[in-house]
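Below is one structure, written out as structure tokens, with a few remarks after it.
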Amino acid sequence: MIWWGKIGKWFNQIVNIASGGRLSDEEWDEIEALLIQADFGVELVSEIMDALRDALKVQADVKSALKEVMLSEFMPDDSRKLNTAAGRLKVLFLGVNGTGKTTTVAKMANYFKGVGRSVLLVAADTFRAAAIEQLVEWSNRLSVPVIRQMPGSDAGAVVYDGVASFKARNYDVMLIDTAGRMHTKHNLMEEVGKINKILTNQLPDVPQENLLVVDSTIGQNSYNQARLFRDKIGLTGIVLTKMDGTSKGGVILRIEKELGVPVKFIGTGEKLEDLEEFSPSRFVDRILG
Ligand code: GDP
């Protein structure tokens, strides 16, 4: 995987610089520059630098110190587990168009099917005909049923249909693709809020995840809408896509810190199997060897 290598290279440079013992101002500047390159963002970089300074006072092993600092910045591992205790789950996928939402729905469908769960897809992005078609195509490829209506129809009505089918056929997992942007005077948050309400009212006993899909190569630009989704709808997790692309890796922590929502999955390519559960300890182990 390309991106582990990229961020790993910078971290190994940091280890080399810091291994010399007491660090000069120039060396600290070099470390700062490497962290900035890795895309942690200015605020987080100074936080990591301070923590590293403190850690190196009591710890001579730079690698362990860095690992400790990085791990303490992430949210705890158990906050990342999907709530599948009841054996059933409904997932509302949110996010701006083009971030990889529909692809992620397909990847998750593939995953759940692979572990023997019955899956139902719901095409609730009714504003774009292409979005419906894309989900139908995935449903054919995966042999997983999809609930859909004509483009332009009411997204809430599609979700009602989905709920009825989910109940009638006793599916295990329902994955709902939603719109990321409206082309009409409709209000996106109102629409998504309505869908959310239908799901919680109609299926109160089925655990629900509201996953925001964020393109890791865009980072900063998606924060505003991400915040809106978080504040108006509520989020249980983030899926960070395109980590295989131009992403430098550090954005993973930045997004989690800035939104206060755990990154639960990362997308590492366009293929169905290119979805990973995100684990900070694995991440830190990989980038620091
Ligand atoms: P949506 O508009 O949010 O539903 O986005 P799509 O699912 O249509 O994805 C937009 C583009 O991003 C497509 O070309 C996908 O193949 C691509 N894509 C999605 N996830 C990933 C990923 O993890 N890595 C890469 N490299 N491409 C991705």
* On a 0 to 90° scale, report how tilted helix 42-58 is relative to the longest principal axis of the chain, with both axes built from alpha carbons and the result rounded to the nearest 10. => 50
* Asked: Considering only DSSP beta bridges whose two residues both sit in the chain, what percent are antiparallel, to the nearest 5?
  -> 10
* Structure fact -> Taking a probe of 1.4 Å and leaving out DNA, RNA and ligands, region 5-77 shows per residue an accessible area in Å² of 54
* At a 1.4 Å probe radius, which order do E209, E32, E133 fall into by accessible area, largest first? => E133, E32, E209
* Could you tell me what percent of the accessible area of region 1-57 is made up of carbon and sulfur, with a 1.4 Å probe and every protein chain present? => 48
* **Nearest-ten-degree value, helix 101-114 long axis tilted from longest Cα axis of the chain** => 80
* Structure fact -> Mean separation of Cα contacts under 8 Å (at least 6 apart) over the residue count of region 15-104, i.e. the relative contact order in percent, is 20
* **Shape of region 5-77, Cα gyration tensor, a/c cut at 1.5** => rounded
* **region 236-289-region 43-102 distance, computed between alpha-carbon centres (Å)** => 9
* Treating cross-link reach as a plain straight distance, find the aspartates and glutamates whose alpha-carbon is under 12 Å from the alpha-carbon of K242, omitting any fewer than eight places away in the same chain. => D215, E270, D274, E276
* Structure fact -> To the nearest 10 degrees, the tilt of helix 62-73 (Cα long axis) against the first principal axis of the alpha carbons of the chain is 40
* To do: Determine the relative contact order of the chain: mean sequence separation of Cα pairs under 8 Å and six or more apart, normalised by residue count, in whole percent.
  => 26
* Asked: In this model, which of K67/K248; K81/K257; K107/K264; K9/K271 are farther than 24 Å apart at the alpha-carbon?
  -> K9/K271
* To do: For region 1-39 and region 139-165, compute the distance between their C-alpha centroids and round to whole Å.
  => 48
* Taking square-rooted eigenvalues a ≥ b ≥ c of the alpha carbon gyration tensor, is region 79-279 rounded, prolate or oblate, where a/c under 1.5 means rounded and, failing that, a/b exceeding b/c means prolate? -> rounded
* Cα shape, region 144-214, gyration tensor, a/c 1.5 rule -> prolate
* Helix-only [θ]222 nm of the chain, DSSP H runs n ≥ 4, -39500 (n - 2.57) each, per residue, nearest 500 -> -16000 deg cm²/dmol
* **Simple spin-label estimate for R227 and R282 in nanometres, 7 Å along Cα-Cβ** => 3.2
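The values are calculated or read from the model by the stated rules, or taken from the named source; none is laboratory data. What you are looking at is a predicted structure, and each value in this text was computed from that prediction instead of being measured. We place every Cβ from the backbone using ideal geometry, glycine too, and count neighbours over all the protein chains shown. The area values use the complete protein model at the heavy-atom level, side chains included, leaving out ligands, DNA and RNA. Shrake-Rupley method; radii C 1.70, N 1.55, O 1.52, S 1.80 Å.
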